[in-house]
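The values are calculated or read from the model by the stated rules, or taken from the named source; none is laboratory data. What you are looking at is a predicted structure, and each value in this text was computed from that prediction instead of being measured. Positions of Cβ are backbone-derived with ideal geometry, glycine not excepted, and every protein chain shown enters the neighbour counts. Surface accessibility is based on the protein's heavy atoms, side chains included, excluding ligands, DNA and RNA. Shrake-Rupley method; radii C 1.70, N 1.55, O 1.52, S 1.80 Å.
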Amino acid sequence: MYVADSRASTSAASAEGAVRPRAGRRRAAVAPTVLALGAVSLITDVSSEMVTAVLPLYLVTGLGLSPLGFGLLDGIYNGFSALVRLIGGHLADRGGGRHKWVAGFGYALSAACKPLLLLAHTLTPIGLILAADRTGKGLRTAPRDALISLSSTPETRGRAFGVHRAMDTAGALFGPLVAFLILRATVDGYDAVFTVSFCVAVVGVLVLVLFVPNGAHRARTKSGPDGARTKSGPDGARTKPGPDGARSQATGTAPQGISGDTAPRPTLRAALALLARPDLRRVTLCALLLGLATVSDSFVYLLLQRRLGVPDRWFALLPLGTAAAFLLLAVPLGRLADRVGRWRVFLAGHGALLLAYTLLLTSWHGTALPYAVLLLHGCFYAATDGVLMAVASESVPEELRSSGLALVQTGQALARFVCSLGFGAAWTAWGDRTALTASTVALALCALFALTLRRPAPSAPSEGLA
């Protein structure tokens with residue numbers, strides 16, 4: 001039962017993104033849908049990270065691109081998906097139960113692009129192939145994250161995203177290792193990497209089709225023992241109308257913005273209108289600003305290689321450090337975010353990234369430098385990637401969950417696209433050290449602004465549900 005005192009005591013925590021489970025209630029297990037999607041992401045990330053691990057060296061050393069040219073392609077690779085994320089989210093929300101199939105089309109499109117890299121050797125065709133690959137990522141990301149959000153209870157949402165990101169990162173850990181072994185064992189190493197990557201991606205699509213439930217996130221309406229109509233969610237959580245007409249979950253916290261008879265229709269206009277919600281607008285703005293100062297992973301690895309003189313054949317192993325730290329920290333930091341506040345953990349992750357940039361700017365050349373930088377880099381992703389989606393989920397109704405998450409992802413992806421272009425241009429014009437110094441200062445300023453912008457508003461007293 002909800003009472004006014006219990007709601008008042010948890011208002012501050014929920015404003016910061018922390019949802020505390022009820023005392024005496026056993027911690028819920030992660031939903032099977034989350035585990036199935038984690039397996040798909042694991043396999044797919046083995047495929048995509050095989051390419052990502054060798055792509056910077058392939059483009060800069062093999063094809064002789066300048067840092068500016070590489071920045072353009074890297075911006076396409078990391079930011080082009082922003083152009084289609086809203087489309088993917090909108091298609092998934094319309095017609096209910098399409099989340100799996102929109103995501104599946106995105107996975108299949110990315111898989112089809114891998115063998116095409118064998119045929120491209122100049123900037124334009126490589127750019128088009130990478131754009132198509134990122135279109136697939138843009139189509140699948142929001143529906144996939146919506147499935148995770150809708151398959152989880154509010155108090156375990158950070159943990160669910162943490163588990164998924166940990167499984168996803170396990171693939172990111174194995175991908176560069178597989179690429180490294182292929183490069184050492186074959187003569188035409190890059191061609192072999194692209195071929196094996198395609199085969200692994202096809203397996204990921206098959207796992208999605210065969211093992212991810214179709215529409216499992218949709219609640220089923222039925223009559224409860226008291227004759228009232230209740231909703232049974234994918235994890236067994238039941239909801240029923242309260243005195244004010246709002247649906248409350250038996251697990252403890254009602255999704256925001258959902259009412260029994262006034263649920264918004266999943267239209268594109270309704271999705272864009274979500275930005276009228278102050279909480280979601282602040283989250284989106286903060287994600288955009290911080291993305292403008294987030295240097296691409298590929299540039300971080302290239303900076304490390306230049307600082308330490310890493311041989312080309314070992315370059316593909318650098319992402320392993322980031323992936324290992326991400327894998328180890330994703331679940332603990334997701335659970336911590338549920339307990340102490342998701343926004344606090346999100347900003348702390350950017351603090352770790354700021355420290356990594358600072359280490360790259362120092363004159364320290366010790367053997368521990370790459371381990372420290374990659375550990376902080378992985379900590380950044382563990383504290384921000386899934387946690388941001390958990391934060392955004394609090395301000396988006398179920399009927400528009402995929403579209404709402406796509407709004408946040410779009411702002412972040414566009415910002416990182418701009419950052420890649422700007423960093424590549426600055427590196428070409430003034431050198432890598434000046435470019436990184438500018439990014440470090442910008443990240444510090446954006447983090448301070450986000451810290452002041454995302455303050456929880458004082459909650460007004462409200463009546464409880466009897």
The number of residues in the range 405-445 that are among the basic types (K, R) and closer than 13 Å to A287 by Cα is 1
Restricting the range 190-204 to residues that are among the aliphatic types (A, V, I, L, M) and open to solvent by less than 30 Å² (accessible area, probe 1.4 Å), which is farthest from G136 (Cα to Cα)? A192
Test T294 against the stated conditions and say whether it is modelled with pLDDT of 80 or more, part of a loop (DSSP other than H, G, I, E, B) and within 22 Å of Q412 (Cβ to Cβ). yes
Restricting to the range 289-316, name every residue that is closer than 18 Å to V441 by Cβ and aliphatic (A, V, I, L, M). L289, L290, L292, A293, V295, V300, L303
The conditions are (1) small (G, A, S); (2) more than 28 Å from A160 (Cβ to Cβ); (3) modelled with pLDDT of 90 or more, and A383 fails exactly one of them. Which is it? (2)
I'm trying to understand the selection: among the residues of the range 307-350, which are assigned to a helix (DSSP H, G or I), of a type in the set (G, A, S), farther than 23 Å from A287 by Cβ and open to solvent by 30 Å² or more (accessible area, probe 1.4 Å)? A324
Identify, by number, the condition in (1) in a loop (DSSP other than H, G, I, E, B); (2) open to solvent by less than 30 Å² (accessible area, probe 1.4 Å) that V408 doesn't meet. (1)
Going through the range 174-187 in order, the residues found to be surrounded by fewer than 24 Cβ atoms within 10 Å (Cβ to Cβ) and not polar (S, T, N, Q) are F174, L177, V178, F180, L181, I182, L183, R184, A185, V187
Determine whether G106 is at pLDDT 90 or above, within 18 Å of the chain's Cα centre (by Cα), closer than 21 Å to V202 by Cβ and not hydroxyl-bearing (S, T, Y). yes
Looking only at the range 193-200, decide whether some residue is modelled with pLDDT of 90 or more and under 22 Å from the mean Cα position of the chain (by Cα). yes
Would you check if there is a residue in the range 161-169 being open to solvent by less than 10 Å² (accessible area, probe 1.4 Å), hydroxyl-bearing (S, T, Y), part of a helix (DSSP H, G or I) and under 18 Å from V408 (Cβ atoms)? no
Flag if A426 is assigned to a helix (DSSP H, G or I), free of Cβ contacts under 8 Å to residues at least 60 places away in the same chain, surrounded by 20 or more Cβ atoms within 10 Å (Cβ to Cβ) and in contact with a helix residue (DSSP H, G or I) (Cβ under 6 Å, 6 or more places away or on another chain): yes
Take the residues in the range 363-400 that are outside any helix (DSSP H, G or I) and of a type outside the set (S, T, N, Q); name whichever of them is surrounded by the most Cβ atoms within 10 Å (Cβ to Cβ). V396
